[in-house]
1. In Å³ and rounded to a whole number, note down the convex hull volume per residue for the Cα atoms of the chain.
2. Please compute, for the alpha-carbon atoms of segment 100-140, the extent along each of the three principal axes and give them in descending order in Å.
3. One-quarter of the Cα convex hull surface for segment 77-195, in nm²?
4. Would you work out the Kirkwood radius for segment 143-214? I mean one over the mean of 1/r across all pairs of different Cα atoms, in Å.
5. Taking a threshold of 26 Å on the Cα-Cα distance, which of the pairs Lys56/Lys165; Lys130/Lys166; Lys76/Lys172; Lys29/Lys197; Lys27/Lys78; Lys94/Lys130 fall above it?
6. When the dipole is taken about the Cα centre of segment 79-142, and only Lys, Arg (+1) and Asp, Glu (-1) are charged at their Cβ, what size is it in debye, to the nearest 20?
7. Using label points projected 7 Å from each Cα along Cα→Cβ, tell me how many nm separate Glu122 and Arg18, to one decimal.
8. Find how much the distance from Thr133 to Ser211 grows on full extension, using 0.36 nm per residue of separation minus their present alpha carbon separation; answer in nm with one decimal.
Amino acid sequence: MAVNSEAYLTIKSWLDARAVTLVAVSKTKSIEDILELYNLGQRDFGENYVQELVEKAAQLPKDIRWHFIGHLQTNKVKLIATYVQLIHGVDSLKLLNEINKQAAKTNSVVNCLLQVHIAQEETKFGLDEKELTELLNSSISALQNVRVCGLMGMASFTADTGTVKKEFRNLKRIFERLRTNDSGLTILSMGMSADYKIAIEEGSNMVRIGSLLFGERGKKQTENQNGR
Ligand SMILES: *Cc1c(COP(=O)(O)O)cnc(C)c1O
């Protein structure tokens, strides 16, 4: 097994001291690997594939808080809406409407983050600042079964830390601008294995870390822009 318990404990206490929530990204990793971190106390886990999340959730302890961090298709919402802790990558009204509709069936409220496009790469998912503002000013407050509780973003995949820093700073600026008293926006999800320290310096309060905890993912898994 490739789980790095020592790294986990070090990172976890470093994050705890800064009041930053750790989402352990377990995509492609086994039930045994996840249980290993669970047994060290980890409860927040992140997955990118609906099918994978559904299969793992069925086999793992019920007090795990599952985060969906991939690109969610509307036709898959119903498979996770009843138990997911937080959906990080919402980037359209259409998707919010569908989440609302599915959550309404069980009278629940699903927590969502709106994904903001901050990287230079064209292909990353997410809303630009104008689209985000429009969405927040639209009729979403009428959606009784979704709670938009923050923003999520991914920096460019580059070794240029200056660029990464600038992108995270931009997202933090947007977050602060939109975070009025009654906005309900409290979570800023930014930072992964390679850039979480920069993200926290720039104001992140939730990081999504995979490879530092679980080891590198296999090369077989072709990764798209959302890490799939
Ligand atoms: C895979 C993934 C991560 C974790 O990436 P690591 O580099 O392994 O830490 C974080 N966020 C998203 C959206 C991902 O797809």
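1. On the way: hull volume 28.2 nm³, N = 228.
So the per-residue hull volume is 124 Å³.
2. Ordered largest first, segment 100-140 gives principal extents of 39, 20, 12 Å.
3. 7.6
4. After inverting the mean inverse Cα-Cα distance, the result is 12.8 Å.
5. On the way: Lys56/Lys165 34 Å; Lys130/Lys166 18 Å; Lys76/Lys172 30 Å; Lys29/Lys197 24 Å; Lys27/Lys78 20 Å; Lys94/Lys130 17 Å.
With Cα atoms farther than 26 Å apart: Lys56/Lys165; Lys76/Lys172.
6. Working: 5 positive and 8 negative charges, 85 e Å.
Roughly 400 debye, rounded to the nearest 20.
7. About 3.4 nm, to one decimal.
8. 24.8 nm
Read-outs: derived from the displayed coordinates by stated rules, not from any lab. Please read these numbers as outputs of a predicted model, since none were measured by experiment. Heads up, the Cβs are rebuilt from the backbone with ideal geometry, glycines too, and the neighbour counts pull from every protein chain shown.
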